[in-house]
1. Can you name the residue in the stretch 80-100 that is crowded, with 21+ Cβ neighbours inside 10 Å and within 16 Å of the ligand (Cβ to nearest atom) and is also farthest from Lys45 (Cα to Cα) among such residues?
2. List the number of the failed condition for Cys63; all other conditions in (1) touching a residue at least 40 places away in the same chain (Cβ under 8 Å); (2) crowded, with 22+ Cβ neighbours inside 10 Å; (3) more than 16 Å from the ligand (Cβ to nearest atom); (4) over 18 Å from Met1 (Cβ atoms) hold.
3. Looking at Leu95, Leu132, Leu58, which one is in contact with a Leu (Cβ under 7 Å, 6 or more places away or on another chain) and aliphatic (A, V, I, L, M)?
4. For the stretch 114-142, how many residues are within 19 Å of the chain's Cα centre (by Cα) and either of a type in the set (Asp, Glu) or surrounded by 15 or more Cβ atoms within 10 Å (Cβ to Cβ) (or both)?
5. How do the pairs read when you match residues in the stretch 1-28 that are over 16 Å from Gly110 (Cβ atoms) with residues anywhere that are of a type in the set (S, T, N, Q) and away from the ligand (no atom under 12 Å from the Cβ), using Cβ under 6 Å and keeping only pairs 6 or more apart or on different chains?
6. Please state which one of Ile109, Ile138, Ile101 is within 17 Å of Lys77 (Cβ to Cβ) and touching a Ser or Thr at 6+ places or on another chain (Cβ under 9 Å).
7. Restricting the search to the stretch 50-66, which residues are β-branched (Val, Ile, Thr) and more than 23 Å from Arg134 (Cβ to Cβ)?
Amino acid sequence: MIAIGCDHAAVSLKNAIMAHLEEQGVEYINLGTDGDPCDYPDMAKAVAEKITSGECELGILLCGTGIGMSIAANKIKGIRAACCSDCFSVRYTRLHNDANILCMGERVIGKGLALELVDIFLSTPFEGGRHLRRVEKIKALEN
Ligand code: RB5
């Protein structure tokens, strides 16, 4: 199960991603906003809590730049949110960082690239091994 949320600056991108997930039979929970103006930290919290509770494995957060969402989500213990706009970074943030939220900016990238980034994010596993030790050190920083 995927958690997805956005602020008012990224509703159109979120709709495109939800349609894409439906086409692929990927289940998701939409935490909004579906148009009403909102503050991105509230949406970041809603999506992050779906992951820390175990209800969802991965999340997608969208705002104008993706940056505000990533800053906010990374304040929550257990969240490793990566703001990405290229395929290589998305692949490696799953392989090496075990990122659990992908953040993107509707004002930064086009829909075609965003859908490709989603596909990479959802299909790339964490590599583990030496990277597990490093992710454990990230977790230690939270305490
Ligand atoms: C909203 O105008 C904008 O600030 C927000 O979507 C995001 O880009 C923040 O990082």
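Bear in mind these aren't lab numbers, they're just calculated from the coordinates by the rules spelled out. Since we're looking at a predicted model, the values are computed, not measured. When we count neighbours, we look across all protein chains shown, and the Cβ atoms used for this are built from the backbone with ideal geometry, even at glycine.
1. Ranking the qualifying residues of the stretch 80-100, first place goes to Cys84.
2. Condition not satisfied by Cys63: (3).
3. On the way: Leu95 fails: in contact with a Leu (Cβ under 7 Å, 6 or more places away or on another chain); Leu132 fails: in contact with a Leu (Cβ under 7 Å, 6 or more places away or on another chain).
Testing whether each residue is in contact with a Leu (Cβ under 7 Å, 6 or more places away or on another chain) and aliphatic (A, V, I, L, M) leaves just Leu58.
4. Of the residues in that region, 13 qualify.
5. Cβ pairs passing all conditions: Ile4/Asn30.
6. Values: Ile109 fails: within 17 Å of Lys77 (Cβ to Cβ); Ile138 fails: touching a Ser or Thr at 6+ places or on another chain (Cβ under 9 Å).
None of the others qualify; the one that does is Ile101.
7. Once the filter is applied, which keeps residues that are β-branched (Val, Ile, Thr) and more than 23 Å from Arg134 (Cβ to Cβ), the stretch 50-66 yields Ile60, Thr65.
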